[in-house]
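Asker: Sharing a structure here in structure tokens format.
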Amino acid sequence: MTLVTDVSLRKILDSRGNPTVEADVHTERSGFGRAAAPSGASTGEYEAVERPPGEAIAAAREHAVPRLVGNAYAGDQREIDAILRGADGTDDFSEIGANSAVAISMAAAKAASDVLGAPLFQHLGGTFRGENFPIPLGNVVGGGEHAADATDIQEFLSAPVGAPSVSEAVFANAAVHAAVADLLEERGHPSGKGDEGAWAPSIDDEAAFEIVAEAVELVSDDVGFEIGFGLDVAAAEMYDADSETYEYESEGISRDTDEQIEYIADLVREYDLVYVEDPLDENDYDAFAELTEEVGDRTLVCGDDLFVTNTERLTEGIDRGAANSILVKPNQIGTLTEAFDAIELATENGYDAVVSHRSGETEDTTIAHLAVATDAPFIKTGAVGGERTAKLNELIRIADDAT
Ligand SMILES: O=C(O)[C@@H](CO)OP(=O)(O)O
Ligand SMILES: [Mg+2]
């Protein structure tokens, strides 16, 4: 059986050098699973609460661990996650911390897959999964909350939509990342990297659009399949609620909501963007609906801070026609069960799920398995950098039956 026999928690380093929570779950029959919580910088207002790791660990040890050990079966993910919810007792995991919750939730799934002797994606998704792979969206230029003195738009994402295999897609994104570096240097903007490994040049958004469009075209010609590109605008970070405007500091431009909708719609048309995440403020379902009405037939309009992997917020979006895609980050909601439920609800309603990393990451690879397990059409997990390649290389291994 997969009866949980021990849960231990510790602080480990994340990619920004901050502490985060790692959980180990042991079960009968020598099952073992280990997972770590990621951490956001441009977090949504409605996300589950990440507590300082020391506090989250102490609270989880007091409230959650005793309810799990000797009582819960790691193979029953819904039970594990219901116990975490019950032990926490709040709506937003502010007692044990969404960081402790998600680490335990994911570690339990890994322990169960260990006992089964099956890859994690198969334990989560069933035996017929593992044939389809998500298209990786690779962050190649970025700014916003992820880098100082760089673009206003948080992420410019390479999207190898025509790639014949996940491996070719992953290498195409790395090639676009390298091509961007060459173009930046040629144009006199040599650059360091932001939190997710994307180049973080001190240029305005317009210059970034030109460079990314060119890099994508060069690499696409070279590899012989279509590569598009997309954005994470992370517009909530640039929205000023008092003036009701979006502030583009690098360009010195303010846009009101109508202007922002038109600006984004024009970008979608001009650059044939395949993906636009959080183009509008996280409280503005109406504006999301308007933009979706305008360009939703030609691009994915994705809600990250808008939906925060929360089925209640997604239901509202579906009812109002806001967006046609959802970003899924398990730590935004706190458990794998709820991340699954969000993907299922999205899929049933014709919304594409995009499984995603956070800007602060570890070498944990759970999201690669989650994406394959749920047949998610996209995964956003960077283009280069160890904590990003951990997931990308895991996708390559899954495709190669090597996990
Ligand atoms: O906004 C986002 O989509 C994420 C990941 O790219 O950033 P953060 O983890 O900082 O919220
Ligand atoms: Mg986002």
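Asker: Convex hull volume of the Cα atoms in the range 237-276, per residue, in Å³? Let's see the in-between values first.
Answerer: Details: hull volume 3.1 nm³, N = 40.
Cα convex hull per residue, to the nearest whole number: 78 Å³.
Asker: Which of the three applies to the range 37-103, rounded, prolate or oblate, going by the alpha-carbon gyration tensor with a ≥ b ≥ c and a/c under 1.5 meaning rounded? All intermediate terms of the calculation are to be shown ahead of the outcome.
Answerer: Numbers: a/c = 2.04, a/b = 1.66, b/c = 1.23.
Here the range 37-103 falls in the prolate category.
Asker: Note down the magnitude of the dipole of the chain about its Cα centre, charges +1 on Lys and Arg C-beta and -1 on Asp and Glu C-beta and zero elsewhere, to the nearest 20 debye. Working shown, then result.
Answerer: Values: 25 positive and 81 negative charges, 545 e Å.
With only Lys, Arg, Asp and Glu charged at Cβ, the dipole is about 2620 debye.
Asker: Angle between the Cα long axis of helix 205-223 and the longest principal axis of the chain, 0 to 90 degrees, nearest 10?
Answerer: That works out to roughly 80 degrees.
Asker: Could you please rank T90, T27, T366, placing first whichever residue has the fewest other Cβ atoms within 10 Å of its Cβ? Please report the intermediate quantities before stating the final value.
Answerer: Working: T90 11, T27 23, T366 28.
Result, fewest neighbours first: T90, T27, T366.
Asker: Give, in nm to one decimal, the length gained when the segment between E62 and S254 is fully stretched (0.36 nm per residue of separation minus the Cα-Cα distance). Walk me through the numbers before you get to the answer.
Answerer: Values: separation 192, 0.36 × 192 = 69.12 nm, distance 4.86 nm.
Stretched out fully, the E62 to S254 stretch lengthens by 64.3 nm.
Asker: Taking +1 at the Cβ of each Lys and Arg and -1 at the Cβ of each Asp and Glu, which of A390, T257, V140 sits farthest along the dipole of the chain towards its positive end, judged by Cα position relative to the Cα centre?
Answerer: A390
Asker: Stokes-Einstein diffusion coefficient for the range 146-192 at 20 °C in a medium of 1.002 mPa s, Rh from the Kirkwood formula over Cα pairs: what value in µm²/s? The partial results should precede the final answer.
Answerer: Details: Rh = 12.3 Å.
Calculated translational D: 175 µm²/s.
Asker: Give me the distance between the Cα centres of the range 31-96 and the range 186-257, rounded to whole Å.
Answerer: With the range 31-96 and the range 186-257 each reduced to a Cα centre, they are spaced 35 Å.
Asker: Just tell me which lysines come within less than 24 Å, Cα to Cα, of K11; anything on the same chain fewer than 8 places away is out.
Answerer: Here the lysines satisfying the reach criterion relative to K11 are K110, K329, K391.
Asker: Dividing the convex hull volume of the Cα atoms of the range 180-278 by its residue count, what figure in Å³ per residue is obtained?
Answerer: Details: hull volume 10.9 nm³, N = 99.
So the per-residue hull volume is 110 Å³.
Asker: I've got another one for you. Would you mind counting up the charge near D149? Only other residues with Cβ under 12 Å from its Cβ, with Lys and Arg at +1 and Asp and Glu at -1. List each step's numbers first, then the result.
Answerer: Working: positive: none; negative: D152, D204, E249.
Net local charge, D149 excluded: -3.
Asker: Mind pulling up the Rg/Rh value for the range 278-353? Radius of gyration and Kirkwood radius, both on Cα. List each step's numbers first, then the result.
Answerer: On the way: Rg = 11.2 Å, Rh = 11.9 Å.
My calculation of the ratio gives 0.94.
Asker: Here's another thing I want to ask about it. Taking the Cα centre of the range 184-254 as origin, sum charge times position over the Cβ atoms of Lys and Arg (+1) and Asp and Glu (-1), and report the length of that vector in debye to the nearest 20.
Answerer: Values: 2 positive and 21 negative charges, 52 e Å.
I would put it at about 260 debye.
Asker: Can you give the % of DSSP beta bridges in the chain that are antiparallel, to the nearest 5? Please report the intermediate quantities before stating the final value.
Answerer: Working: 33 of 52 bridges.
Counting DSSP beta bridges with both partners in the chain, the antiparallel share is about 65 percent.
Asker: A further question on this structure: Determine, for F32, F156, F229, the number of other Cβ atoms within 10 Å of each Cβ, and report the residues in order from fewest to most. Could the numbers behind the result be given before it?
Answerer: On the way: F32 15, F156 30, F229 26.
Least to most surrounded, the residues fall as F32, F229, F156.
Asker: While we're looking at this one, here's another question. Multiply the residue separation of D76 and E217 by 0.36 nm, subtract the distance between their alpha-carbon atoms, and state the gained length in nm to one decimal.
Answerer: Working: separation 141, 0.36 × 141 = 50.76 nm, distance 4.66 nm.
Once the chain is fully extended between D76 and E217, it gains 46.1 nm.
Asker: Further question: Hey, could you pull the Cα Rg and Dmax for the range 4-117, both in Å?
Answerer: In order Rg, Dmax, the Cα atoms of the range 4-117 give 13.3, 42 Å.
Asker: Would you please state which residues of the range 21-65 a label at T90 would reach in this model, taking the label point 7 Å out along Cα→Cβ and a backbone N cut-off of under 16 Å?
Answerer: The answer is 44-64, whose backbone nitrogens lie closer than 16 Å to the label point.
Asker: A further question follows. What residue among T299, F171, Y285 has its Cα farthest toward the positive end of the dipole of the chain, where the charges are +1 on Lys, Arg and -1 on Asp, Glu, each on the Cβ?
Answerer: Farthest towards the positive pole: F171.
Asker: Which order do M238, M1 fall in if you start with the one that has the fewest other Cβ atoms within 10 Å? Could the numbers behind the result be given before it?
Answerer: Values: M238 21, M1 11.
By the 10 Å Cβ count, ascending, the order reads M1, M238.
Asker: Can you give the Rg and Dmax of the chain based on its C-alpha atoms, in angstrom?
Answerer: Calculated on Cα positions, Rg and Dmax stand at 20.4, 62 Å.
Asker: Expressed in nm², what is the orientationally averaged projection area of the convex hull enclosing the Cα positions of the range 110-162?
Answerer: Details: hull surface 23.6 nm².
Result: 5.9 nm².
Asker: Relative to the present Cα-Cα distance, how much length would full extension add between R29 and E206 at 0.36 nm per residue of separation?
Answerer: Stretched fully, the R29-E206 segment lengthens by 58.0 nm.
Asker: Between the range 327-348 and the range 141-169, what is the C-alpha centre distance in whole Å?
Answerer: Rounded to whole Å, the Cα centres lie 22 Å apart.
Asker: Helix 166-186 versus the longest principal axis of the chain: what is the Cα-based angle in degrees, 0 to 90, to the nearest 10?
Answerer: 40
No value in this document is a laboratory result; all are computed from the given coordinates. Given the structure is predicted, the values throughout are model-derived calculations rather than measurements. Here the Cβ is made from the backbone with ideal geometry for all residues, glycine too, and neighbour counts use every protein chain on show.
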